[in-house]
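Everything on this sheet refers to the single structure shown next.
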Amino acid sequence: MRIYSNIVVLVLALAASSAFAGQAPPLEGPHPISGAVRIDAREAPTIDGDISDAVWAKAQVIDEFWQAIPATGEPATERTEVRVLYDAENLYFAIYAYDKTPDRIVVRAMSRDGQIGTGDVVRIIIDPGLTRRNAYTFQIGPSGGRVDAILQNNTTNLQEWDTIWTAKTRITDQGWVVEVALPFRSISYENEQSDWGFELTRQIRHKGETVRWSNYSPVISFTDVSGAGTLTGITGANQGLGLDLQVYGLTRVKRDWNIPGEDTGLSGTAGGNAFYKITPALTGTLTFNPDFSDAPLDVRQVNTTRFSLFTPETRDFFLQDTQVFEFGGRNFIDENNARPFFSRNIGLARGVPVSIVAGGKLSGEYGGFGIGALSVLTDRTPTSDGQVLSVARITHQIFGGSKLGVVATHGDPTGLSENSLVGTDFQYRDANFLGAANVLETDLYYERSFSDTQGDDDSFGIGVNLPNEPWGGRLTAKEVGTNFRPALGFVNRTGIRAYQGVVARTLRYRNATLRSFALTNENNFVTDLDDRLESRKNSLDATIQTAATDNFSINVANQFEAVPVAFDLPGRVAVPAGHYQWTTIGGKIETSQARVFQIEIEGTCCSFYDGTGVETKVELNYRPTANFEFQPAYEGRFIDLPTGHVDIHVVSADVIVNFTPDMQLAMQMQYDNISESFGLLARYRWEFMPGSEFFASFGQSALVPKSNFIAQRSQLLFRIGHTFRL
């Protein structure tokens, strides 16, 4: 520990001395106001990427943009012009992204919800409720690729959200053009709210430059709308009956090869969703026989800890409006242990998939309250009857950007217990802390679970975050009771107290070589409820970003684990009960995403418990054109302990062929040598008109022991769907 402490002191001293080399950026920029001009529906522009329509001359021109990176607070080096119109049905945007060297515009991904941020991109951000906390973002690249997402709690980008909108682009000899039509029926808003939060950001990849209309502090992420500008004058929009009927029909051919005598089965089914806007800002959803065949494969993980792993949600039905169920605030948003609600528990019982018969959802705002409620009926299983599983979340904004909330869940997917949870949280945010435009975020939460088999217990926590530059930091503390077991939540470690302290120093530069230098010291401690140390990790990370946005980092970490009961690593390599301490050194190279070949190489060595461990990760992203993407990846872990040796290999590859921005073929392949399982999923999607889609997929799972291919399950599916708007 003395060596580690000396390293920490030395590097922090170097960071302090380097302050003279870096520049502290301005803390905040302008908060401008502009107006949206109303037009008659007969004047509506044709959305084709050509903004020569005469009606655009009626719009106010927004053309003052500022650099967030690299020369914070200085005018953008390239001109950007934005115009906003609206009629009773749609909100229209015209954006001319001028570029003096149009041949250097970086055009990468094209697919819907793809990685268009790897090239030039513009982001339209609207906050219809003027919440200064939650918003919608619509991102468009020069290829015509587009991404829609919900921005939640000024921190999270929920890209899984999808809606109906149209965007067309065109590259010219002066830059590139974007034209957008966004139906009012595609978003939620209050009729009485004529002023909307509005931000537009532009990324000029070949210059490594990010520009914004309003707050230009590099500390502020594009997900943060607290300092956005204002778009005024939006009134009299028409949402019709506020009813969307989304219906589909599908045909499935499948075979389970591991069931003797099983024949290939052909089946068909239908289902759909109904979305009704009870008010313009509050939506009710009913679903019948939902189909999750378009969900991608889960990221393959091999567990080398004594605690269960967290697997993110991938199903669209549960990801839509997921922001209304967020709990705990930014300080705990990445803390998966003790989550009160985890939607993957719905449709899964003891690891076995369970069909969802029907469900209902209520999401949005009413009377100043944020509302989220979900209830679903799952099918019978061999060991239990069908279950009704429910969650409800209510929040109320106070003190400007702060909010107070409650959450409740009820139900057990296994049907083996009566289980429920209640909780409350307070999320405080001050965007002008100490009068210097610094951000202060403080979060508190309390939750209690009730079970007729596990007993009752609680979890609570407090966190303080200062996400600022050049100095930033975070302190959190949480407790998880021994019997805290919410059946609809996620818990993988109980009977503990966890503490985290982070100090970060970030320096930014304005030269042709270096963009930024950051030092982060993170300290994590976990004790039992009698304050006996169970786990500790102290780490120091140094990261350099070049002007070309390549990243290089090194990391030193010292860990301690008190293992109360022996457990097995993969390959039946045992870790006996006892106390362990080890130190690792790691490094990472991540080249710019703007490159045709983008490479990420990461390695850590050389100790692990009472033996050795080496971990490596290599990922390649090859994007020669916007029409093709190839992403192979390899993760290897080589563990040698006194009780045995195991090599872990995880291989994956993604291939994406973009025929047009609305038609793509995506293929995923995965294999790991521990489970010896192979997975293949190919998905073809064609949105042949807004709201209408043809989808086809082929999935194959297999075991591959000693190079033998043993098929497990094959499935071919065709689905067509359409959304009717009333």
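The values are calculated or read from the model by the stated rules, or taken from the named source; none is laboratory data. This structure is a prediction, so every number in the text was calculated from the model and none was measured. Ideal geometry is used to build each Cβ from the backbone, glycine not excepted, and the neighbour counts take in all protein chains shown.
Among the residues of the stretch 199-211, those that are over 14 Å from Ala135 (Cβ atoms) and not in a helix (DSSP H, G or I) comprise Arg202, Gln203, Ile204, Gly208, Glu209, Thr210, Val211. Taking (1) in a loop (DSSP other than H, G, I, E, B); (2) at pLDDT below 85; (3) surrounded by 20 or more Cβ atoms within 10 Å (Cβ to Cβ) in turn, Ser293 satisfies each apart from (3). Here is a check on your reading of the model: is Gly227 in a loop (DSSP other than H, G, I, E, B) and surrounded by fewer than 22 Cβ atoms within 10 Å (Cβ to Cβ)? No, not satisfied.
Taken together, Gly435, Gly455 contain a single residue that is assigned to a loop (DSSP other than H, G, I, E, B), closer than 21 Å to Arg133 by Cα and not hydroxyl-bearing (Ser, Thr, Tyr), which is Gly435.
Give me a count of the residues in the stretch 661-683 that are of a type in the set (S, T, N, Q) and under 22 Å from the mean Cα position of the chain (by Cα). Qualifying residue count for the region: 3.
The set of residues from the stretch 37-57 being under 14 Å from Ala237 (Cα atoms) and out of contact with any Leu (no Cβ under 9 Å at 6 or more places or on another chain) comprises Asp40, Ala41.
If only one of Ser675, Ser692 is among the small types (Gly, Ala, Ser) and under 30 Å from Asn90 (Cα atoms), which one is it? After ruling out the rest, the residue left standing is Ser692. Of the set (1) touching a strand residue (DSSP E or B) at 6+ places or on another chain (Cβ under 6 Å); (2) of a type outside the set (Gly, Ala, Ser); (3) farther than 28 Å from Phe317 by Cα; (4) in contact (Cβ under 8 Å) with a residue 60 or more places away in the chain, all apply to Asp430 but (4). Filtered by the rule that a residue be in a strand (DSSP E or B), touching a residue at least 60 places away in the same chain (Cβ under 8 Å) and surrounded by 24 or more Cβ atoms within 10 Å (Cβ to Cβ), the stretch 127-150 gives Asp127, Ala135, Arg146. A Cβ distance below 6 Å, combined with a sequence gap of six or more or placement on separate chains, defines the contacts here; from the stretch 48-60, residues that are without any contact (Cβ under 8 Å) to a residue 24 or more places away in the chain reach residues that are part of a loop (DSSP other than H, G, I, E, B) in the pairs Asp53/Pro45. Of the residues making up the stretch 79-86, not a single one is surrounded by fewer than 20 Cβ atoms within 10 Å (Cβ to Cβ) and out of contact with any Phe, Trp or Tyr (no Cβ under 7 Å at 6 or more places or on another chain). Checking Phe317 against (1) within 30 Å of Ala633 (Cα to Cα); (2) in a loop (DSSP other than H, G, I, E, B): exactly one of these is not met. Which one? Among (1) within 30 Å of Ala633 (Cα to Cα); (2) in a loop (DSSP other than H, G, I, E, B), the lone unmet condition for Phe317 is (2). What are the residues in the stretch 307-333 that are more than 30 Å from Val464 (Cβ to Cβ), of a type in the set (D, E, K, R) and surrounded by fewer than 18 Cβ atoms within 10 Å (Cβ to Cβ), if any? Selection gives Asp316 alone. Residues considered: Arg637, Arg623, Arg683. Of these, the only one that is of a type in the set (Lys, Arg), outside any loop (DSSP other than H, G, I, E, B) and closer than 22 Å to Arg255 by Cα is Arg683. Going through (1) surrounded by 23 or more Cβ atoms within 10 Å (Cβ to Cβ); (2) modelled with pLDDT under 95; (3) in contact with a helix residue (DSSP H, G or I) (Cβ under 8 Å, 6 or more places away or on another chain) one by one, Leu91 falls short only on (2). Looking only at residues of the stretch 590-634 that are β-branched (Val, Ile, Thr) and in contact with a Phe, Trp or Tyr (Cβ under 6 Å, 6 or more places away or on another chain), we find that the one that is farthest from Gln670 (Cα to Cα) is Val614.
Note on the stretch 139-159: residues that are in contact with a helix residue (DSSP H, G or I) (Cβ under 7 Å, 6 or more places away or on another chain) and closer than 16 Å to Ser188 by Cβ total 3.
Residues of the stretch 176-197 that are closer than 24 Å to Asp48 by Cβ and either in contact with a Pro (Cβ under 9 Å, 6 or more places away or on another chain) or in contact (Cβ under 8 Å) with a residue 60 or more places away in the chain (or both): Trp176, Val177, Val178, Glu179, Val180, Ala181, Leu182, Pro183, Phe184, Arg185, Ile187.
Give the residue that is nearest to Glu326 (Cα to Cα), with candidates limited to residues of the stretch 391-438 that are among the charged types (D, E, K, R) and over 25 Å from the mean Cα position of the chain (by Cα). If we take residues in the stretch 391-438 being among the charged types (D, E, K, R) and over 25 Å from the mean Cα position of the chain (by Cα), then Asp412 is nearest to Glu326 (Cα to Cα). Restricting to the stretch 463-509, and then to whatever is touching an Asp or Glu at 6+ places or on another chain (Cβ under 7 Å) and hydrophobic (A, V, I, L, M, F, W, C), can you tell me which residue is farthest from Gln387 (Cα to Cα)? Step by step, filter the stretch 463-509, then rank; the result is Val502. Quick one: how many residues across the stretch 326-361 are within 16 Å of Val388 (Cα to Cα) and touching a residue at least 12 places away in the same chain (Cβ under 8 Å)? Number of matching residues: 17.
For the stretch 614-626, taking the residues that are surrounded by 17 or more Cβ atoms within 10 Å (Cβ to Cβ) and farther than 15 Å from Thr591 by Cα, the one that is modelled with the lowest pLDDT is identified as Ala626.
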